[in-house]
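The block underneath contains the structure these notes are about, expressed in structure tokens.
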Amino acid sequence: MPRAIISPSMLASNFGQLSAECKRMIKNGAEWLHMDVMDGHFVPNITMGAPILACVSKDVPGIYMDCHMMVSEPSRWVKDIADAGGALYTFHIEATSDPLSLIELIHEHKMKAGVAISPDTPSSAITDDVAELADMLLVMTVYPGRGGQKFLERCVPKVAELRARFPEKDIEVDGGVGPKTIDVCAEAGSNVIVAGTAIFGAPQPGEVIQLLKTAVNTAQAKAAAKQ
Ligand SMILES: O=C(CO)[C@H](O)[C@H](O)COP(=O)(O)O
């Protein structure tokens, strides 16, 4: 089973102190940091991109930035994000007609490649050849575009479908995930957990990070015992 990874969504952080916020999350037990890149086209919002990532990468050596590209032309930003220190480049399957070439391009730039699906996209949109070449699959549990939305439980069966097809793959959930919603995600088989509001809004973020991690480990132990 792939290991539990917690990736706090920087969308919920204080953007004015981004590097310090990343360091605070790492100190509190986060393995990855999740950077939401929005271009105002794929989603009706603009956030941050490569120039900001370059500053954070310089300030936080060894950081593993999980870049969620909510952009309409995902191939356009691969080089910039790689040069800025991105570790994982996740694009939306809805935004490309040639996911295989895009994954190859991401790998040529020495990053891991992730493939995301929005709430209305079925898991079958991630075909076997694409999933096998990709390093991670992301099931959105809110409509991409902003943080703090209500978790869409109807997206969870897609996690279970992907886990059944790909037992060893990293599967990430993102959107409205926190202490009240983690159990269904973990039991369905997700092991990479993105949470913004639930972590940054907590008085003790480290406790929430630990709770999310424990939920994944417990669900994995239960699944293993059943086999
Ligand atoms: O991708 C996103 C929005 O498009 C965010 O990562 C996501 O919504 C996380 O924030 P929260 O945990 O507050 O829902």
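Every read-out reported here was derived from the displayed coordinates using simple, explicitly stated rules and does not represent laboratory data. Everything numeric in this text was worked out from a predicted model, so none of it was measured. Neighbour counts are summed over all protein chains in view; Cβ atoms, including those assigned to glycine, are modelled from backbone coordinates with ideal geometry.
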Query raised in the report: Across segment 106-122, what is the number of residues that are part of a helix (DSSP H, G or I) and buried (at least 19 other Cβ atoms within 10 Å of the Cβ)?
Result: 1
Report task. Any chance you could count how many residues in segment 1-37 are touching a residue at least 60 places away in the same chain (Cβ under 8 Å), outside any helix (DSSP H, G or I) and under 14 Å from the mean Cα position of the chain (by Cα)? Result -> 10
Report summary line: Of (1) touching a strand residue (DSSP E or B) at 6+ places or on another chain (Cβ under 7 Å); (2) within 16 Å of the ligand (Cβ to nearest atom); (3) not hydrophobic (A, V, I, L, M, F, W, C), G85 satisfies every one except (2)
Query raised in the report: Can we say K58 is more than 15 Å from the chain's Cα centre (by Cα), of a type outside the set (V, I, T) and assigned to a helix (DSSP H, G or I)?
Result: yes
Query raised in the report: When you go through I171, I199 one by one, which is the residue that is in contact with a Lys or Arg (Cβ under 8 Å, 6 or more places away or on another chain), outside any loop (DSSP other than H, G, I, E, B) and within 16 Å of the ligand (Cβ to nearest atom)?
Result: I171
Query raised in the report: Can T214 be described as free of Cβ contacts under 8 Å to residues at least 24 places away in the same chain and either within 29 Å of L133 (Cβ to Cβ) or polar (S, T, N, Q) (or both)?
Result: yes
Requested in this report: Return the total of residues in segment 71-93 being in contact with a Phe, Trp or Tyr (Cβ under 7 Å, 6 or more places away or on another chain) and part of a helix (DSSP H, G or I).
Outcome: 3
